Amino acid sequence: MNTPTLSNLSDLPELLIPLDAWEEQLDTHLHRLDPFFARSEAREQAKAYLKGLLSPVERKNGWQLAEHLGHRNPYRVQHVLDRAVWDADKVREDVSRFIVEHLGDPEGIGVLDESGFLKKGIHSVGVARQYCGTAGRVENCQVGVFLGYASPKGHTLLDRELYLPVEWVVEQARRDAAKVPPNVDFETKPELAQQMLKRAWAAGVPLAFVTADTVYGQDKRLRACLEDHRQAYVLAVPCDHRVSLEHSRLRVDRRVQRLPASAWQTLSCGAGSKGERLYDWACQPLDAPDVAGFGLWLLARRSLSDPTEVAYYQVFAPSDTPLARMVQVAGTRWTV
């Protein structure tokens, strides 16, 4: 999953696409949207909107994009997002088919994560005072849950769900004003993740592993869903997460503290902006569920510069999975 650098681009002429050819390819892909829009005006505006999102415009709001597209006001941009008739779910299904066709690989990894979108008002669907990873604190924002896809051929976003806080479930007037469908109820972020995974499985997206942070790793129902589907995972868990070992329930941090020095290996979980991301890693087999051919492990990652900085993962994978593969999957989470 290496990314070409300036030093080796000359050896990869197939990656150097002339601008006019790139624009032609983009137009070809945008034509895939044609069947999903009822009117030609909305169809063309949707294509212009997507080109605007790919432009160097610093702020991608309605007014800025409208100015970039040569419009006097943001009405046409807002129309395609708010009032035009088109089926977002059908577009998502087509995107899934495209991703399987071009990036699908037996070694593919699904990456779950969330992101916050800062808002000043109170009317956008799902907006509330809640933790925003973008800001690193509680802010007025929307939160989306995303499923990314990473394979040796590249990585991209695959699916999305908007998180609806509890107050949006009980305030009917607010729901009506924002046109929230009546069948939409409160669901936790791991429950939204399950929905996206089930859609990916149904679409035939090849997933060797799924990985995610502690928001998802500590959820028992999500882990059970993955195990029932025989879906391997490397999920981060908090330090007080308890695992079964020798018929006892132990906190992962206390178990890792007892590991001997010989249990640790220095391995890279992938290349970063400053070179290989090296950590000490240790792996401990756990009491596994009754799933033929699969095992369960506790995986720990320790900082080389600060040995007190430790991260923990629960791993469910084929019994012959080597430590290096678990480490590689854990390191793939950055792609989201």
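Read-outs: derived from the displayed coordinates by stated rules, not from any lab. As the structure is a computational prediction, the values presented were derived from the model and not from experiment. No Cβ is skipped: glycine too gets one built from the backbone with ideal geometry, and neighbour counts run over all protein chains shown.
Key figures
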read-out	value
Fully extended contour minus Cα-Cα distance, from Lys51 to Glu309, at 0.36 nm per residue	88.6 nm
Those trypsin sites (Lys or Arg not before Pro) in the range 172-214 that DSSP places in a loop and that have at most 14 other beta carbons within 10 Å	Lys179
Estimated FRET transfer efficiency (Ala288, Thr134; beta-carbon r; R0 30 Å; 0.05)	0.20
The range 231-335 - percent relative contact order, Cα under 8 Å, separation 6 or more	31 percent
Evaluated at q = 0.06, 0.08, 0.16 Å⁻¹: base-10 log I(q)/I(0), Debye formula over Cα of the chain	-0.27, -0.47, -1.51
Förster radius 25 Å - calculated FRET efficiency between Asp320 and His247, Cβ distance, rounded to 0.05	0.55
Partnerless Cys - the chain, beta-carbon criterion under 4.7 Å	Cys225, Cys239, Cys269, Cys283
FRET efficiency, Asp228 to Thr156 (Cβ-Cβ, R0 41 Å, nearest 0.05)	0.95
Three-way shape label, the range 231-335, alpha-carbon gyration tensor, a/c 1.5	oblate
Estimated inter-spin distance, His71 and His29, nm [label 7 Å along Cα→Cβ]	2.2 nm
Additional length obtainable on full extension of the chain from Asp89 to Glu58, 0.36 nm per residue less Cα span	8.3 nm
Relative contact order (%) - criterion: Cα under 8 Å, at least six apart; region: the range 16-86	29 percent
Percent of Cα pairs exceeding the 17 Å cut-off, where the set is the range 16-86	46 percent
Pairs from Lys47/Lys119; Lys90/Lys153; Lys90/Lys198; Lys60/Lys119 whose Cα-Cα separation, in the structure shown, is over 20 Å	Lys47/Lys119; Lys90/Lys153
For the chain: relative contact order, % (alpha-carbon pairs under 8 angstrom, 6 or more apart)	13 percent
Relative packing of 223-234, 56-67, which averages over residues the other C-beta atoms within 10 Å, highest first	223-234, 56-67
Net charge contributed by nearby residues that have their C-beta within less than 13 Å of Thr332 (K/R +1, D/E -1)	-1
Helix-only mean residue ellipticity at 222 nm for the chain, each DSSP H run of n ≥ 4 adding -39500 (n - 2.57), per residue, nearest 500	-9500 deg cm²/dmol
